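The values are calculated or read from the model by the stated rules, or taken from the named source; none is laboratory data. Keep in mind it's a predicted model, so treat the numbers as computed, not measured. Virtual Cβ from ideal backbone geometry, glycine too; neighbours counted across all protein chains shown. Ligands, DNA and RNA are excluded from the accessible area calculation, which covers all protein heavy atoms including side chains. Shrake-Rupley method; radii C 1.70, N 1.55, O 1.52, S 1.80 Å.
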Amino acid sequence: MNTVKLSKYLSLILRHDPGSIGVVLDDEGWVAIDTLLERMAAQGRPVTRAQMDEVVRTNDKQRFAYNEAGTHVRASQGHSIKIDLELQPVEPPAVLYHGTATRFLPSIMQEGLTSQSRQHVHLSPDTQTAAKVGVRHGKLAILEVDSEGMAAAGHRFYRSANGVWLTDSVPVAFLSERPIE
Ligand code: HQG
């Protein structure tokens, strides 16, 4: 398996469906690397520890992290299954961005941003990152989020180990559409 394929496979297992290969994540989303490699091999997807190390180290978005002892691995964000990433609320920058597709705008401008199938709404620190996230869904739209105003109103923000900003939801009052250059 090449590193991109392995990254996608790990995202599926560690964020959405560990049961598909018969592994169980603990409450914080960790799984023992040895167990994971055994289960992957049993599925006809043999991966060496060195290949795992490579993916965790070089992944473009640092999607995965090892624990300090190097015995367990988890996804740093993006889960649809309920796990506790042990994130502490932190003060957000004044403004954050959300990339999405234009076809979602009518609904978003009515009900705000909601977490959909994931645990949180994902926000980006800059418009370039938001654009990459948004084009995955279709014709790009970028929303500016008044995170300072949200924080003042009591909304909590978290930053994942790989720098993605997370919050529970974004009410319409804190959203404005940014023109696409
Ligand atoms: C939209 C990637 C209608 C929302 C990225 C988005 C990110 C609504 C879609 C991470 C809505 C959900 C997450 C509403 C939100 N009505 N549509 N009220 N509220 N939406 O994939 O943020 O590469 O679950 O705008 O980099 O696109 O996988 O979320 O378009 O960090 O590591 O519903 O996934 O990371 O889509 O992306 P997603 P996302 P990875």
Residue set Leu87, Leu6, Leu14, Leu36; condition buried (at least 18 other Cβ atoms within 10 Å of the Cβ) and in contact with a Phe, Trp or Tyr (Cβ under 9 Å, 6 or more places away or on another chain); output residue Leu14
Only one of Leu36, Leu105, Leu10 is under 20 Å from the mean Cα position of the chain (by Cα) and of a type in the set (A, V, I, L, M, F, W, C). Can you tell me which? Leu10
Just to be sure before I move on: is Thr100 in contact with a Lys or Arg (Cβ under 8 Å, 6 or more places away or on another chain), under 30 Å from Val55 (Cβ atoms) and not aromatic (Phe, Trp, Tyr) in the structure I sent? no
So, of the residues in the range 63-81 that are assigned to a loop (DSSP other than H, G, I, E, B) and farther than 20 Å from Leu123 by Cβ, which turns out to be most open to solvent (accessible area, probe 1.4 Å)? Glu68
Inspect the range 152-159 for any residue being within 10 Å of the ligand (Cβ to nearest atom), among the charged types (D, E, K, R) and within 18 Å of Gly78 (Cβ to Cβ) and give the result as yes or no. no
Being touching a residue at least 24 places away in the same chain (Cβ under 8 Å) and assigned to a helix (DSSP H, G or I) is the filter here, so list the residues in the range 106-115 that pass it. Ile108, Met109, Gln110, Glu111
Looking across the range 84-125 at residues that are charged (D, E, K, R) and more than 14 Å from Thr167 (Cβ to Cβ), the single one that is nearest to the ligand (Cβ to nearest atom) is Glu111
Scan the range 8-33 residue by residue and report those that are out of contact with any strand residue (DSSP E or B) (no Cβ under 8 Å at 6 or more places or on another chain), within 20 Å of Asn67 (Cβ to Cβ) and either within 11 Å of the ligand (Cβ to nearest atom) or of a type in the set (Lys, Arg) (or both). none
Going through the range 132-181 one residue at a time, which ones are of a type in the set (D, E, K, R) and under 16 Å from Ser115 (Cα atoms)? Arg156, Arg159, Asp168
For the condition open to solvent by 20 Å² or more (accessible area, probe 1.4 Å) and in a helix (DSSP H, G or I), what is the one hit in Arg103, Arg118? Arg103
Is at least one residue of the range 54-62 farther than 26 Å from Glu181 by Cβ, of a type in the set (Lys, Arg) and more than 13 Å from the chain's Cα centre (by Cα)? yes
